[in-house]
Every structure is written in C-alpha cells, then in structure tokens.
1. So which residues in segment 56-96 are within 23 Å of S112 (Cβ to Cβ), open to solvent by less than 50 Å² (accessible area, probe 1.4 Å) and small (G, A, S)?
2. Just name the residue that is farthest from A120 (Cα to Cα) out of those in segment 51-91 that are among the basic types (K, R) and outside any helix (DSSP H, G or I).
3. Only one of these conditions is not met by I48: (1) among the β-branched types (V, I, T); (2) surrounded by fewer than 10 Cβ atoms within 10 Å (Cβ to Cβ); (3) under 20 Å from T115 (Cα atoms). Which number is it?
Amino acid sequence: MQFNSLWFIPFFAVVYFANWHVKERLRQIILLSASLIFYCINGKEYMILFLFLILSTFLFGMAIERNTRKKKLLYFLAISVLIGMLLFFKYYRSFFPDNSVLTRWIMPIGFSFYTFQIIAYLTDLYRGGG
C-alpha cells in the first residue's frame with residue numbers, strides 16, 4: 001500500500017480514529033498491528049523478519065533492563081545480531097552469484113531505519129534511560 005493509493009485513506013482513517021477511542025494498552029496493539037499490515041501489504045514475505053525484529057527487541061530490552069550482571073553481554077549480543085542482519089541484507093548480493101536462491105531476496109524498505117532505531121532504543125536501555 002502506498003501513501004497515494006485510494007486504500008490508504010480509509011486505512012488511515014480507521015487506524016486514526018481507533019487510536020483515539022481506546023485505552024493506552026490497546027492503542028499500542030492497534031498501532032503495532034496497523035504498522036505491520038501497512039508495511040507487509042506489498043511484501044508478505046518480510047512479515048516474519050519484522051516479527052522477529054519486534055520480538056527480539058522486546059526480549060533483549062527486557063533482559064537488558066532486568067539483568068545487571070550480564071547487561072553488557074546482552075547489549076553487545078543484541079547489537080551484533082542487528083548489525084549482522086543489516087549487513088546481510090545490504091551486502092549479500094556481492095558474495096553470492098546471480099543464480100543463487102538468495103539473490104531473489106531484496107532489502108526491505110526502511111530496514112536500515114528500523115535497525116538503527118532499535119539500536120538507539122537498546123542503547124538508551126543499556127545506559128539506564130529507557
């Protein structure tokens with residue numbers, strides 16, 4: 001779905017009004033669901049990737065916040081996983097031939113932005129800001 005499509009207007013209207021007429025906890029679920037739907041309408045194959053990013057960020061964030069002894073290890077492990085995924089999607093075409101199954105994969109739109117936002121969030125948690 002693109003911003004200039006006719007489907008975006010009713011989609012946005014429903015999400016906007018639902019956002020203001022529900023409680024805070026349900027609002028987060030609605031916005032998360034709407035974001036995933038909006039992003040994955042044109043690329044369903046990346047739904048698993050973004051669900052993995054969301055779940056791993058949540059779990060790493062909770063672990064970093066609660067575990068004071070292994071905080072540094074968990075932080076660097078999370079950053080390594082995120083940077084590894086980013087490097088894979090950015091540079092895998094350079095390392096695999098054109099006839100490989102992996103060359104059909106393309107980098108999802110906005111993946112770098114989401115990755116760096118997650119890194120900033122985890123850094124805030126690591127430094128105690130969260």
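1. S56, G61, A78, G84
2. Step one: filter segment 51-91 for residues among the basic types (K, R), giving 66, 69-72, 90.
Narrowing the set further to residues that are outside any helix (DSSP H, G or I) leaves 69-70.
Numbers: R69: 21, K70: 19 Å.
The selected residue is R69.
3. It fails just one condition, (2).
The values are calculated or read from the model by the stated rules, or taken from the named source; none is laboratory data. Because the structure is predicted, anything quoted here is derived from the model rather than measured. Backbone-built Cβ (ideal geometry, glycine too); neighbour counts: all protein chains shown. These accessible areas exclude ligands, DNA and RNA; they are computed on the full protein's heavy atoms, side chains included. Shrake-Rupley method; radii C 1.70, N 1.55, O 1.52, S 1.80 Å.
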